[in-house]
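Everything on this sheet refers to the single structure shown next.
Throughout, read-outs are computed from the coordinates displayed, never taken from laboratory work. Please read these numbers as outputs of a predicted model, since none were measured by experiment. Every residue, glycine as well, gets a Cβ built from its backbone with ideal geometry; the counts of neighbours run over all protein chains shown.
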Ligand SMILES: Nc1ncnc2c1ncn2[C@@H]1O[C@H](COP(=O)(O)OP(=O)(O)OP(=O)(O)O)[C@@H](O)[C@H]1O
Ligand SMILES: [Mg+2]
């Protein structure tokens, strides 16, 4: 589904990624492990179009998406859950979820969006209970669930999760990872 081929990327003259190659098959969870500063977030940002790359190819369903703008990459079916969640902290849970569907938000898609919201609420029932709460006041674990829910609203086929367990209690990590595994099962060929 995703094939990264000899990718290099730099911040100015500081090269972070050098000839990185990785493959992600359909329906599989692939983890990237590395020390702080190794370049994991940079790699994910390169895939989602948030990072300018120097060379290499990023093949998604056999088309090279390297260098395409982020909004196009989302439309192709790749969503990122960024490190640190990056929620719209002053908006409600519900509004954050709605914004995940921004690129196909129109009247004719109202029913689909409603169904999707029902689906993410089913995965993370706490978010439905907190739907009117301001996102910035949620607990860390709830915020991570909301960040994932928002990404799922974009209709992704490939989900990029950057540090989904960061700063979260083990029990809640288990809950979040159960949902991630459920997504894997739903997408397995
Ligand atoms: N916007 C930026 N400008 C300059 N250097 C940056 C920028 N973002 C990241 N870097 C540097 O690039 C390197 C890789 O950073 P990156 O965030 O990809 O690491 P990481 O593997 O995700 O680390 P962590 O485990 O701490 O999240 C680091 O040395 C970092 O300081
Ligand atoms: Mg990182």
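Rounded to the nearest whole angstrom, the semi-axes of the ellipsoid equivalent to the range 124-189, taken from the Cα gyration tensor as √(5λ), stand at 20, 14, 11, largest first.
Label-to-label distance for residue 63 and residue 171 is 4.6 nm, based on points extended 7 Å past Cα in the beta-carbon direction. I need the shape label for the range 1-70. Rule: rounded when a/c is under 1.5, else prolate if a/b > b/c, else oblate, with a, b, c from the alpha carbon gyration tensor. It is oblate, given that a/c is not under 1.5 and a/b is not larger than b/c. How big, in percent, is the set of alpha carbon pairs in the range 101-147 lying more than 18 Å apart? Of all Cα-Cα pairs in the range 101-147, 37 percent lie more than 18 Å apart.
Round to the nearest 10 and give me the degree value, 0 to 90, for the angle of helix 140-152's Cα axis relative to the longest principal axis of the chain. The angle comes out near 70 degrees.
Distance between the pseudo-spin-label points of residue 122 and residue 106 (7 Å out from Cα toward the beta carbon): 2.7 nm. For the range 77-189, a Kirkwood hydrodynamic radius built from all Cα pairs, placed in the Stokes-Einstein relation at 4 °C and 1.567 mPa s, yields a translational diffusion coefficient of 92 µm²/s. In the chain, the calculated helix contribution to ellipticity at 222 nm averages -11500 deg cm²/dmol per residue, counting -39,500 (n - 2.57) for every DSSP H run with n ≥ 4. Along its principal axes, the chain has C-alpha extents of 46, 39, 34 angstrom, given from the largest down. For residue 18 and residue 88, a Förster radius of 45 Å and the Cβ-Cβ distance give a FRET efficiency of 0.80, rounded to the nearest 0.05.
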